[in-house]
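The values are calculated or read from the model by the stated rules, or taken from the named source; none is laboratory data. As the structure is a computational prediction, the values presented were derived from the model and not from experiment. Here Cβ is always computed from backbone atoms with ideal geometry, including for glycine, and neighbour counts include all displayed protein chains. Just so you know, the surface numbers come from the protein's heavy atoms only, side chains and all, with ligands and any DNA or RNA stripped out. Shrake-Rupley method; radii C 1.70, N 1.55, O 1.52, S 1.80 Å.
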Amino acid sequence: MPNLMETFIAEYGTSNDLRAVKSPLRICPIGAHSDYQGGRVTGMTLDASVDMVYAPREDNYVQIQSLDFPDKEIFSYGHELEYIPGFWGTYIRGAVKALQQDYVLKVGLNAVVSGKLPIGGLSSSAAVTTAYLMALCDVNDIQVSKMDIIMYSHWVETEFIGLKNGILDQSANVLSMDNQLMVMDCSTNEYEMINKGENFKDFEVIVVYSGISKSLIGTDFNNRVDESRVAGWLLLELAGLPLPTLEDVKLRDVPIEVYEEYKDQLPERFRKRAAHFYTEQARVLKGAEAWAKGDIEEFGQLMFESGYSSFYQQETGIPEMKQIFDILYGAEGVYGARPSGAGFRGAVIGFIDPAYKESIKAQIDAIYPVKYPEIKDKYEVNFCVTEDGARFVNVEELI
């Protein structure tokens, strides 16, 4: 496949002002399905990324070529930009509309963009949106903070696309630092970066792509968000506490004492959703402590517990991803694993001892494609390390 530079020159010709941005894919080791409830989450970024080279153009047109999808996206800032379900160009459209709420965009850009891992479960949507926002601000001399980028990106997914998610994906993508664990309180947007303890063993991140990809908006994700809100609303009602509108309910605002007292009165579905949230919040705090003291075994066990809760309490898994999770759970050299992203498609991630890479992959290859032969040519096993979050880089770094 031609690289970004070659494609850029072929599409737009040479440029004396060529620029580049690297926007890594993210994982959430612990804290699943907590951000949209105002809970605490963890995050970090990988050395797998969405990369883009771009240059300003003299008119107000945006033209994007993707190496991963067919067709081009081209429009001017004056066009009415609509959300098109399933179209990769949706995210550049959303990025433009987000910025136009506060700024007048005058300088367009030419760009070529590409990702390095299969899409699904690692929040490639947040990564590419961040890349677009950074490039648009750069060519238009717009000064924004990291938190501004996070909030604009979140607007794209919630208001432009209609996904009811929180700010985990964008925050991990933008704020992460190599060898550090981001812990964010999604009720206040306050966060801390925790250095890993000095006795932390070497590890790599295994990313097992299930072969199942589809837009998150087409899954039951939004239903799980609503079910969590109903669980919180019912707990408040049982406790005789003031009732906000359902859209404003967050389990983080329901004291754990209320949950403990009234959880058994919740219908099973909503009891499970609440159980996942409160136990996951405890795991985030324990995970932060384990990370700081350098205990990867304890951290990994918490990842496994998070995975089980995601499958059985939040009920977000699919059989293919549960199979991968079970293989990793039983494989020697795996510290911990859990489904990545919302769990309805995409990847299962894990922390592994690098000495066991080949044997872990061999176990996956021996079981998974036999169980699911229809996707034997689609799944992938990749190994990654952690890396800094989204940033501008020299073009040469992407060659």
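Things to note:
- Test: Gly346 is open to solvent by less than 20 Å² (accessible area, probe 1.4 Å), closer than 30 Å to Cys137 by Cβ, out of contact with any Cys (no Cβ under 9 Å at 6 or more places or on another chain) and at pLDDT below 95: yes
- Some residue of segment 333-351 being touching a residue at least 24 places away in the same chain (Cβ under 8 Å), among the aromatic types (Phe, Trp, Tyr) and more than 30 Å from Gln37 (Cβ to Cβ): no
- For segment 237-261, filtering for residues that are of a type in the set (Asp, Glu) and in contact (Cβ under 8 Å) with a residue 60 or more places away in the chain leaves 1.
- Residue within segment 151-165 that is among the charged types (D, E, K, R), part of a helix (DSSP H, G or I) and more than 16 Å from the chain's Cα centre (by Cα) present: yes
- Test result for Gly39, modelled with pLDDT of 95 or more and on the phi > 0 side of the Ramachandran plot: no
- Any hit, segment 123-139, residues being open to solvent by 30 Å² or more (accessible area, probe 1.4 Å) and not assigned by the TED database to the domain that holds Tyr335: yes
For every residue, the table says whether it meets (1) outside any strand (DSSP E or B); (2) of a type in the set (S, T, N, Q); (3) crowded, with 23+ Cβ neighbours inside 10 Å.
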position: Asn173; (1), (2), (3): yes, yes, yes
position: Glu192; (1), (2), (3): no, no, no
position: Glu198; (1), (2), (3): yes, no, no
position: Lys201; (1), (2), (3): yes, no, no
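- Condition check for Lys72: among the basic types (Lys, Arg) and over 30 Å from Glu190 (Cα atoms): yes
- Single residue of Val156, Val113, Val139 found to be of a type in the set (A, V, I, L, M), closer than 21 Å to Gln63 by Cβ, touching an Asp or Glu at 6+ places or on another chain (Cβ under 8 Å) and at pLDDT 95 or above: Val113
- Looking at segment 1-103, the strands (runs of 3 or more DSSP E) lying wholly inside it that each contain 1 or more residues that are free of Cβ contacts under 8 Å to residues at least 60 places away in the same chain sit at 40-57, 61-66, 72-76.
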